[in-house]
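> One structure, as C-alpha cells, below. Some questions next.
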Amino acid sequence: MPLPIVYEGVTFEAGYRIDILVDDEIVVEVKATEGVTRLHEAQLLTYLKLSGKRLGFLMNFNVELFRSGLRRRVL
C-alpha cells in the first residue's frame, strides 16, 4: 500500500510502501531475513509515524518458530 508524506498540506510520493494494512489500523511489515535488525524496526516505526497508526507488527518468516519472528510495536 503506497504511503505518501504529507507536510503542511503538500503531498510527496516518496516511494514508501506499507506491506500490509489490516482494518485500516494495524501496520504489518513482512521480512524473510536471517535476523531482524534495528533498521527493520526503524522502518516499521517510520511507517507508523507517517501513517498516523499506533499499532504495528514486524513479522520475520525466516525462523523455526513463527512466534520468535514476531515483534509488536505501539506508539
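> Suppose we keep just the DSSP beta bridges with both residues in segment 18-74; what percent of those would be antiparallel, to 5?
Working: 8 of 14 bridges.
DSSP beta bridges in segment 18-74 are roughly 55 percent antiparallel.
> Let me ask something additional. Determine the calculated [θ] at 222 nm for the chain from helices alone, applying -39500 (n - 2.57) to every DSSP H run no shorter than 4 residues and normalising by the residue count; nearest 500 deg cm²/dmol.
Working: 1 runs with 14 residues, N = 75.
Taking each H run of at least 4 residues, the total per residue is -6000 deg cm²/dmol.
> Here are some values of semi-axes √(5λ) of the Cα gyration tensor in Å: (i) 24, 12, 10; (ii) 17, 14, 12; (iii) 24, 17, 12. Which one was computed from this structure?
So the calculated entry is the one marked (i).
> Please identify, among Thr46, Thr11, Thr33, the residue showing maximal mean-square fluctuation in a Gaussian network model of the chain using a 10 angstrom Cα cutoff.
Looking only at Thr46, Thr11, Thr33, the largest GNM fluctuation is found for Thr11.
> Sticking with this structure for a sec: Search the structure for amide H atoms under 5 Å from the amide H of Tyr16, placed 1.01 Å from N in the peptide plane, and list their residues when 5 or more places away or on another chain.
For Tyr16, whose amide H was placed from the backbone, the distant partners under 5 Å are Leu3.
> Another question about this same structure. How about segment 13-75: which GluC sites (Glu not before Pro) there are in a DSSP loop, with at most 14 other Cβ atoms within 10 Å of their Cβ? All intermediate terms of the calculation are to be shown ahead of the outcome.
Values: sites: Glu13, Glu25, Glu29, Glu34, Glu41, Glu64; in loops: Glu13, Glu25, Glu34, Glu64.
When the GluC sites (Glu not before Pro) of segment 13-75 are filtered for loop state and at most 14 Cβ neighbours within 10 Å, Glu13, Glu25, Glu34, Glu64 remain.
> Output the 0 to 90 degree angle, nearest 10, between the alpha-carbon long axis of helix 38-51 and the longest principal axis computed from the alpha carbons of the chain.
40 degrees
> Using DSSP to define loop residues, name the chymotrypsin sites (Phe, Trp or Tyr not before Pro) in the chain whose beta-carbon has at most 16 other beta-carbon atoms within 10 Å. Can you show the working numbers first?
Working: sites: Tyr7, Phe12, Tyr16, Tyr47, Phe57, Phe61, Phe66; in loops: Tyr16, Phe61.
Those satisfying the criteria are Tyr16, Phe61.
> Another question, if that's okay. Between Ala14, Ala32, Ala42, find the one with the highest GNM mean-square fluctuation for the chain; connect C-alpha pairs within less than 10 Å.
The residue with the greatest mean-square fluctuation here is Ala14.
Quick note: the coordinates plus some simple rules give every number you see, no bench work behind them. All values reported here derive from a predicted model rather than from experimental measurement. Methodologically, a virtual Cβ is constructed for each residue, glycine included, from the backbone with ideal geometry; neighbour enumeration extends over all protein chains shown.
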